[in-house]
Amino acid sequence: MLKHGEHRIKAFVAVDSEGNAVPPCGRCRELISQLSKENLEAVVEVENDTFILLKEILPYYWKINRGREW
């Protein structure tokens with residue numbers, strides 16, 4: 001994805017060894033949020049059939065008011 005200059009993610013899911021949806025790890029959440037500000041609106045399946053926006057599962061959003069450019 002990144003090698004092709006793409007950075008926008010609309011939706012994603014992480015799964016466990018049995019194929020059940022699980023929340024993505026903190027490192028993944030942070031990386032995806034840093035690729036594009038628009039990714040905060042990405043839909044994440046955090047449990048089977050439970051969907052929320054990425055911005056809802058991130059901790060304090062430290063990039064606001066820090067001069068961060070996307």
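Quick look at the numbers
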read-out	value
Solvent exposure of the chain as accessible area per residue, Å², 1.4 Å probe	75
Surface share of carbon and sulfur [accessible, 1.4 angstrom probe, percent] for the chain	53
Cβ-Cβ FRET estimate between Val46 and Leu2, R0 fixed at 35 Å, reported to 0.05	0.90
Kirkwood Rh, angstrom, the chain [1 / mean 1/r, Cα pairs]	12.9
Dipole in debye (nearest 20) - the chain, about Cα centre, beta carbon charges: Lys, Arg +1; Asp, Glu -1	540
Label-point gap, in nm, between Cys28 and Val15 - each point 7 angstrom along Cα→Cβ	1.2
Sum of -39500 (n - 2.57) over DSSP H runs of 4+, divided by residues of the chain (222 nm, nearest 500)	-5000 deg cm²/dmol
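The values are calculated or read from the model by the stated rules, or taken from the named source; none is laboratory data. None of the values given here were measured: they were computed from a predicted structure. Virtual Cβ from ideal backbone geometry, glycine too; neighbours counted across all protein chains shown. With ligands, DNA and RNA removed, areas are computed over all heavy atoms of the protein, side chains included. Shrake-Rupley method; radii C 1.70, N 1.55, O 1.52, S 1.80 Å.
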